[in-house]
Amino acid sequence: MTALKVGDALPVVRKRVTQEQVRRYADASGDHNPLHLDADFAARTAFKRPIAHGMLTLAFVMELLTQAFGRPFLEGGKLRVRFKGPVYPGDEVTAEGKVIRETVEQGRRYLECAVALKNPSGVDVVTGTALAPAPQ
């Protein structure tokens, strides 16, 4: 893992979301909301078809940050996100990010990163900011 610096891009993570993956996430999380699992129910919503759980899609952003910063991020990183749109089974999403600056919070140095998860059309469906402990 190469030490990242301001201006560097994070490694890109691409994932195809499947209905089976959504079902398995529902079982693991206990979230069996029909919006995720029932096509007839979802057809009557604004989404028109089942959507992936937000926390499932957030896992792809976490994979991006873990690939970029490893254990230090898992042990001391921070992430703030906003969910901006749905991810549908069948979508291939792309998680990407960039180190935008160094910052200090509570006496600790961090690399601040802008992160996003994009749908197949390139539209941001999750956006946020991550703070990764800066290398010493």
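Any read-out appearing in this document is the output of simple, stated calculations on the displayed coordinates, not a laboratory observation. This structure is a prediction, so every number in the text was calculated from the model and none was measured. Glycine gets a Cβ as well: all are built from the backbone with ideal geometry, and neighbour counts include every protein chain shown.
Annotations
- Angle between the chain longest axis and helix 19-29 axis [Cα atoms, degrees, rounded to 10]: 70
- Estimated dipole of the range 1-126 in Debye, rounded to 20 [Cβ of Lys and Arg +1, of Asp and Glu -1, Cα centre]: 240
- One chain, two ends: VAL6 and ASN33. Fully extended at 0.36 nm per residue, the span grows by 5.6 nm beyond their Cα-Cα distance.
- Cα pair count fraction exceeding 20 Å, expressed as % - the chain: 48
- Among the chymotrypsin sites (Phe, Trp or Tyr not before Pro) found in the range 1-75, those both in a DSSP coil and sparsely packed, with 15 or fewer other Cβ atoms within 10 Å of their Cβ, are PHE47.
- Tensor-based shape of the range 62-106 (alpha-carbon gyration tensor, a/c under 1.5 rounded, otherwise prolate or oblate): prolate
- Computed over the range 1-88: relative contact order in percent, which uses C-alpha pairs under 8 Å that are six or more apart: 32
- Cross-link partners of LYS118 among lysines (Cα-Cα below 18 Å; sequence separation of 8 or more within a chain): LYS15, LYS84, LYS98
- Projected label distance in nm at ARG71 and SER121, using a 7 Å step from Cα toward the beta-carbon: 4.3
- Computed from the Cβ-Cβ distance with R0 of 30 Å, the FRET efficiency linking ARG14 to PHE47 stands at 0.85.
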